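This report concerns only the one structure given below.
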Amino acid sequence: MNIKQELVFSLHVLKGLILFFSGIHLANAIEFNIDMLDSEDKQNIDLSRFSQTGYVMPGKYQLTLRINEQLVNRETTIPFYSRQRGKEIRSEACISPELRNKIGLKEEYLAQTTLWNDGRCVDFSAISGVALSVDLAESQLNMTVPQLYLEYSDSFWLPPARWDEGIPGVLLDYNVNTFLSKSRGNSRNQNIWFNGIVGANYGAWRLRGDYQGNYSHTAGQQSNSDSSLKWNKFHAYRALPSWQANLILGESSFASDLLDGWNYSGVSLTSDERQLPPKLRGYAPQIRGFADTNARVTVTQQNNILYDTTVPAGEFVIKDISSSVRGTLDVKITEQDGRVKTFQVSAASVSYLTRPGQLRYKLVSGRARYDSHRTEGPIFAAGEWFYGLTNSWTLYGGGVVAGNYNALALGAGVDLGTLGSLTADVTQSMARLPKRGEEDDKKTQQGKSWHLTYSKRFDDINTDLTLAGYRFSERDYMPMQQYLDARYRDRLEGRSKDKYTISLNKNFPEQKVSLGVSYNHETFWNAGDSIYYNIRMNKYFSAFGINDMSVGLSANRARYVHTGKMNNSLSLNFSLPVGEQRINYNHYYSEKRFSQSMNFSGQIGERDNYNVTAGMSHGHGQQRQSQFSGYYSHRGDVAHMSFNVSTAQGGNVMAGMAVNGGVTITSKGAALHPSGFSGGTRLIVDTNGVENVPFDGGHVRTNHRGIGVVTNVSSYYRNTTMVDINKLDSDVEARDAVAESVLTEGAIGYHKFDVLKGNRLFVVLKLENGNILPFGTSIRNEKGRELGIVNDGGVAWISGAELGESLQANWGEQHCSFILPPQIDSLSLVSLPCQRGK
């Protein structure tokens, strides 16, 4: 073998020794026979760090805690102390009580843990099956715990003990739109609109402020300018995991599912289904049955398996059917002896229905808010609740108590099985208003509002029928917001009388056709009525060797209360792919005017999109007019940007630009980034100062300080963030490329990835006396990160090192330092002196 082959072989032998002996779980120490090594300087070989299985020198280490190979806590300081175990003195990791609470042990097993080292460390020895192991090379503390001892978790969800509240920080998210126009008369308009959220996080608390503003300037015969900046609301909120709820303090909106909502300043407590496992969110029935033996239970719909599990003999209950399932479910119980029992369960889709035994609620108190920060009216208390009484029945209700205004609502929902699902409720309001004149002697207005919803899924014909709502309100019925308008602004218009919505959707999968019909109608006590019809059809097809073509037709008829005029419209569109691009044709008729347009759209690379449209309109006594427009968008590292321009016949020209992004600042680092959900959850990725490291499929890259921000992170879900190793620069290595986290709403998460940037080279290290360094010597940089290990012959393979960097070699209680040369050939073997530390 040549020297390079010998070096590589020796390194593989060393790696095999380390992995082999670190995987043996014996109580006795392991002694190495160094005579097996082909080395001229055997007396310098130091294998003390490998001689005792699992032994770690007492001291403090930056380690990542993993439970059953799942990340629990990112790098934190974990001390190791010497501890007497029988006749042996062993080195053990000190797991603090705070870190123990993040493991997710069930209460009965949590109570079995004890403390040692004056209460600073947790002892798990009383719980059988729990084991700890350390991987210093990967900076990990691995803990094995039987799954039975842990709280429920699945591939999408972890128990609250494992949730991450994030780190303290501030954020600013923004959305800016600019618009320039020039008309034939040389009039020029410039407009800028912007809005966003400013926020700060500390612990579990999130402080948010919503802002918006604009600037406009008109130049021409009459020039003028105008600008404004407005803060819409300020509030603080936090999650309450033990209650599966959110607490909000400050200015917010009561978004009621049962009562009409309004803005307020005060406090609210709201249950949050997102804090439940995904399979327990929304409504789905419980499936109860009885198995004579250990049996397999399979839940299917139209021969598609939705749920498959094994249950012991006796009664069983399945609670975690997904809320997205609708229609009739077929349940099959297959006994051990081959006997099969079947029955059916219906799953409805009305939002008011709640799982059996589950309670959803919203409680709020404060004063009504008008025009941003002004409050009006007395202090009120309001709320609503939905309780799953049985597998079929849900009871719900709500109310408002606000001095001269009070309301009470009660209702029930029922799953009718094959007949669908139905909910019905009634709301009684009582409002006391001031007299509006001598002839007005009515002091109190009382009225009722009845509400009915119905939904049915026809599985056999793949059709949905929804009576999305019918509501009839008496003349004197008054929601809270209407009362406030009447009491403080003397406005009583828009009092609804009846309102109903019906929709029917039908799919033809084999023909790739979908049909839909919807009808909306609303009448008012003190105004006209509004009506809206819609019929739509869409079909996908292939022709002339081209796949994925589509044609759509939509017809609408509408009359709105503020105009009283009936308007008919018809739309026809056709779309076909051309390579990676797409051509769309649209023909539209409305108010006796025809318009047609041709659109060409496509994508450039992974970050850029474009759209070019040419069109023409005519009819209704107006001259023919042609139009042309273009649109281009770019997803950048620090913001999303789009540009548009359009021109119309007659000399009208318009151009615009939109930029949306944000900045997140923490003690761990700061970065500009594209905007996600404004003010929402995000994750800071830290790559140890290595820039241009790609995440999220290359859509996010770290800045010159090695910091990036991943937005659009789902709250309370297990989110996986990965380094895109296929897009890494050639001199960058990601030792830790995957991170998993469950962040609470609005959190600023943080994860430090083990990323190295630098050279890879072979070096031979020698002391001042000419002796080579001992076999097993660890080579680390100034940050304490291990870059390599010395093998037989004093040769080390170093990766991730910067040329000219000072490194340290450690063996036993000794160490020495050496400096890499400023220039080097990575394929050559370099001999370097190592200066002993004093």
Among strands (runs of 3 or more DSSP E) completely within segment 769-838, the ones holding 1 or more residues that are polar (S, T, N, Q), at pLDDT below 85 and within 17 Å of N759 (Cα to Cα) are 795-801
If you check D529 against the conditions, is it acidic (D, E) and surrounded by 15 or more Cβ atoms within 10 Å (Cβ to Cβ)?
-> yes
From the list S617, S626, pick out the single residue that is of a type outside the set (A, V, I, L, M), in contact (Cβ under 8 Å) with a residue 12 or more places away in the chain, farther than 30 Å from E740 by Cβ and buried (at least 16 other Cβ atoms within 10 Å of the Cβ).
-> S617
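One line per residue, one yes/no per condition, for (1) small (G, A, S); (2) more than 30 Å from V72 (Cα to Cα):
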| position | (1), (2) |
| --- | --- |
| Y149 | no, no |
| W163 | no, no |
| R184 | no, yes |
| G203 | yes, no |
| S216 | yes, yes |
| S227 | yes, yes |
Of the criteria (1) without any contact (Cβ under 8 Å) to a residue 60 or more places away in the chain; (2) within 30 Å of R184 (Cβ to Cβ); (3) among the small types (G, A, S), which one S730 fails | (2)
For strands (runs of 3 or more DSSP E) lying entirely in segment 489-608, having 2 or more residues that are within 30 Å of F472 (Cβ to Cβ) and not acidic (D, E) picks out 496-508, 513-524, 529-543, 546-559, 566-578
Do we have any residue at all in segment 821-830 that's of a type in the set (A, V, I, L, M) and buried (at least 19 other Cβ atoms within 10 Å of the Cβ)?
-> no
Of all residues in segment 381-411 being part of a strand (DSSP E or B), within 33 Å of the chain's Cα centre (by Cα) and of a type in the set (A, V, I, L, M), which is farthest from F254 (Cα to Cα)?
-> L395
Residue pairs qualifying under the 6 Å Cβ cut-off, at least six apart or on distinct chains, with the first in segment 369-380 being surrounded by 13 or more Cβ atoms within 10 Å (Cβ to Cβ) and the second being in a strand (DSSP E or B) and among the small types (G, A, S), are R369/S265; T375/S265; E376/A368; G377/A368; F380/A402
Listed by range, strands (runs of 3 or more DSSP E) wholly within segment 163-240 having at least 2 residues that are of a type in the set (D, E, K, R) and in contact with a strand residue (DSSP E or B) (Cβ under 9 Å, 6 or more places away or on another chain) are 169-182, 205-219, 224-240
Examine segment 248-263 for a residue that is more than 24 Å from the chain's Cα centre (by Cα), crowded, with 19+ Cβ neighbours inside 10 Å and not in a strand (DSSP E or B), and state whether such a residue exists.
-> yes
Filter segment 85-107 for residues that are touching a residue at least 60 places away in the same chain (Cβ under 8 Å) and under 20 Å from Q70 (Cα atoms); which is surrounded by the fewest Cβ atoms within 10 Å (Cβ to Cβ)?
-> N101
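The values are calculated or read from the model by the stated rules, or taken from the named source; none is laboratory data. These figures come from a predicted structure and were not determined experimentally. Every residue, glycine as well, gets a Cβ built from its backbone with ideal geometry; the counts of neighbours run over all protein chains shown.
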